[in-house]
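Asker: There's a structure below that I have some questions on.
The values are calculated or read from the model by the stated rules, or taken from the named source; none is laboratory data. Here the structure is a predicted model, which is why all the values come from computation and not from measurement. Neighbour counts are summed over all protein chains in view; Cβ atoms, including those assigned to glycine, are modelled from backbone coordinates with ideal geometry.
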Amino acid sequence: MTQTNPEIRIVFPLYPGVTQLDFTGPHQVFSRLPGAKVTTASIGGQPVEADGLVFSSLADLAAVEGCDVLCVPGGLGTSEAMLDEAYMAQIRRLGAGARYMTSVCTGSLILAASGLIRGRRAACHWGWRELLELFGVVPDEGRVVRDGNLFTGGGVTAGLDFAFVVAAELAGEETAQRIQLGLEYAPAPPFDAGRPETAPTAVVEAARKAMAGALDGRRAAAAEAASRLHSV
């Protein structure tokens, strides 16, 4: 008798303003998992614009019956997504039934706003990490953080490291390593500027200045989302 791999249902719930690498990086890894069924979905199956790219032929998020892995990406649209009741209702529904809740970058803010990870540790992009506290979530500086069935990755490119960690959990380390080799994932960045702890001071200051205005708006959105959550 031929043994087949059990199906692993992985869902990426997209929204306008999502960062494309937050989900396309992990999608590339997960799509090579034996037995994986990877679904990208949006409210109403509507096309989603992400960093100048348009993703279409998406599934209707409300029609997705369930999943083993819910992977929430981040992006500039996080603030609006946290306050979109239709979107958040689907995050709560799918997250509550998933074997694993996962996120990349500011996707952890969306999971936090769902109320499903209160009291847990989570990673986030360094520029917005502190906002997790508004939801009773413990910010963690790790690039990939696990807390029980919750796996979270830091900012954007951390999604690749995150994906291999999740792949190893789902299919074993050898399978994850074979996928890594097939994708020739052997990062060697030209600059040691990927973290505020290692980047030149002038670079960090410029980045913080550029994000200052957006931080105010996102903090307000997070506070509103937290208020809604606490009133339930």
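Asker: Here are some residues: Val232, Val156. Which one is at pLDDT 95 or above and either within 21 Å of Pro73 (Cβ to Cβ) or not acidic (Asp, Glu) (or both)? Talk me through it step by step, then tell me what you get.
Answerer: Values: Val232 fails: at pLDDT 95 or above.
Residue meeting the stated conditions: Val156.
Asker: Turning to a different aspect of this structure: Please state which one of Leu33, Leu53 is surrounded by 21 or more Cβ atoms within 10 Å (Cβ to Cβ), modelled with pLDDT of 95 or more and either closer than 25 Å to Asp161 by Cα or of a type in the set (Asp, Glu) (or both).
Answerer: Going through Leu33, Leu53 in turn, the sole match is Leu33.
Asker: Also, quick follow-up: Among the residues of the range 132-144, is any touching a Pro at 6+ places or on another chain (Cβ under 7 Å) and aliphatic (A, V, I, L, M)?
Answerer: Within the range 132-144 (the criterion being touching a Pro at 6+ places or on another chain (Cβ under 7 Å) and aliphatic (A, V, I, L, M)), the answer is yes, since at least one residue qualifies.
Asker: Step by step: first the residues of the range 16-63, then only those that are among the aromatic types (Phe, Trp, Tyr) and in contact (Cβ under 8 Å) with a residue 60 or more places away in the chain, then the one that is nearest to Tyr87 (Cα to Cα). Which residue is that? So that I can check it myself, show each step before the final result.
Answerer: Step one: list which residues in the range 16-63 are among the aromatic types (Phe, Trp, Tyr), which gives 23, 30, 55.
Now restrict to residues that are in contact (Cβ under 8 Å) with a residue 60 or more places away in the chain: 23, 30.
Numbers: Phe23: 17, Phe30: 23 Å.
Only one residue fits best here, namely Phe23.
Asker: Find all pairs meeting these conditions: Cβ atoms under 9 angstrom apart; at least six residues apart or on different chains; first residue within the range 153-164 and at positive phi; second residue part of a loop (DSSP other than H, G, I, E, B) and of a type outside the set (Ser, Thr, Tyr).
Answerer: Note: pairs meeting the criteria are Val156/Gly74; Val156/Cys105; Val156/His125.
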